[in-house]
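A.B. asks: I have a structure I would like to understand better, so I am pasting it below and will then ask my questions one at a time.
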Amino acid sequence: MPFDHNDHYHPLLLRHLPPHGRTALDVGCGTGRFARRLAARGYEVDALDPSAEVIAEAEAAGGGPRYRQADVTAQDLPEGRYDVVTCLASLHHMPFAAVTRLRAALAPGGTLLVLGCYSGTTWWDLAAAPANAVARLAVYTGERLRGTYAPPLKAPVRQPGMTLPEIRAEAARLLPGSGVRQLLFWRYLLTYRKA
């Protein structure tokens, strides 16, 4: 599989899963890599993505999740259904206020995990930029040498429009008690537990 920064953060997200969760919603599932990891941990996973092309690729990979082409901002989500809702590098493709829809879909005690992308440059980003370039080059070179390079599927891409301080402020307003942690490669982790 091609190098993807989001894959790098899967172990971090898995550590934040609720201890006795059974149901999961993966929003913006893409080709389904994280949804399959949730299913491998015993979750019943509903995985949504607005792109028919990436849903087709996810379904071809199999692995247990129920994949569906859907736009979460226009989709009715079952209220209080999911023990965990995940959203990896997709929240910046929709209005940030969509987190309230995700919050409503959480069961009591459920956890919302957002691996998000932010706009702007901080000192942390400047330090990470050379590491980013080296990591991409090393993975690309290794894949070429092994003959395993496959061009990544061209999913829709949209640049993030909110800075990290704006995200923190909106998260505090819309998800009281949530936390936002800055990560490498212009990413952040938003965690929220429903009372």
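A.B. asks: Does segment 62-101 hold any residues that are outside any helix (DSSP H, G or I) and small (Gly, Ala, Ser), and which are they? Outline the logic, then answer.
C.D. replies: So the first thing to find is which residues in segment 62-101 are outside any helix (DSSP H, G or I), and the list is 62-90, 94-95.
Matches in segment 62-101: Gly62, Gly63, Gly64, Ala70, Ala74, Gly80, Ala89, Ser90.
Condition check ((1) open to solvent by 20 Å² or more (accessible area, probe 1.4 Å); (2) in contact with a strand residue (DSSP E or B) (Cβ under 9 Å, 6 or more places away or on another chain); (3) touching a residue at least 60 places away in the same chain (Cβ under 8 Å)) across all residues:
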position: His10; (1), (2), (3): no, yes, no
position: His16; (1), (2), (3): yes, yes, yes
position: Cys29; (1), (2), (3): no, yes, no
position: Arg36; (1), (2), (3): yes, yes, no
position: Gly42; (1), (2), (3): yes, no, no
position: Glu57; (1), (2), (3): yes, no, yes
position: Gly62; (1), (2), (3): yes, no, no
position: Tyr67; (1), (2), (3): yes, yes, no
position: Asp71; (1), (2), (3): yes, yes, no
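A.B. asks: Report whether or not Asp46 is open to solvent by less than 60 Å² (accessible area, probe 1.4 Å) and within 15 Å of Leu102 (Cβ to Cβ). First the steps, then the outcome.
C.D. replies: Values: open to solvent by less than 60 Å² (accessible area, probe 1.4 Å): yes; within 15 Å of Leu102 (Cβ to Cβ): yes.
Considered against the rule, which asks whether it is open to solvent by less than 60 Å² (accessible area, probe 1.4 Å) and within 15 Å of Leu102 (Cβ to Cβ), Asp46 comes out as yes.
A.B. asks: So Gly116 fits all but one of (1) farther than 17 Å from Pro18 by Cβ; (2) touching a helix residue (DSSP H, G or I) at 6+ places or on another chain (Cβ under 8 Å); (3) at pLDDT 95 or above; (4) in a strand (DSSP E or B); what number is the exception?
C.D. replies: (3)
A.B. asks: While we're on this one: Quick test of your reading of the structure: Thr23 fulfils all but one of (1) within 19 Å of Cys117 (Cα to Cα); (2) polar (S, T, N, Q); (3) at pLDDT 90 or above. Name the failing condition by number.
C.D. replies: With respect to (1) within 19 Å of Cys117 (Cα to Cα); (2) polar (S, T, N, Q); (3) at pLDDT 90 or above, Thr23 is out only on (1).
A.B. asks: I'd like to know if segment 51-61 contains one or more residues that are of a type outside the set (S, T, N, Q) and assigned to a loop (DSSP other than H, G, I, E, B). Write out each step before concluding.
C.D. replies: At the first step, the residues of segment 51-61 found to be of a type outside the set (S, T, N, Q) are 52-61.
The next check asks that each one be assigned to a loop (DSSP other than H, G, I, E, B); those that pass are none.
No.
The values are calculated or read from the model by the stated rules, or taken from the named source; none is laboratory data. Please read all numbers here as calculations on a predicted model, not as lab measurements. For neighbour counting, all protein chains shown are included, and Cβ atoms are generated from backbone atoms with ideal geometry for every residue, glycine included. For the accessible areas, the whole protein counts, side chains as well, though only heavy atoms, and no ligand, DNA or RNA atoms are used. Shrake-Rupley method; radii C 1.70, N 1.55, O 1.52, S 1.80 Å.
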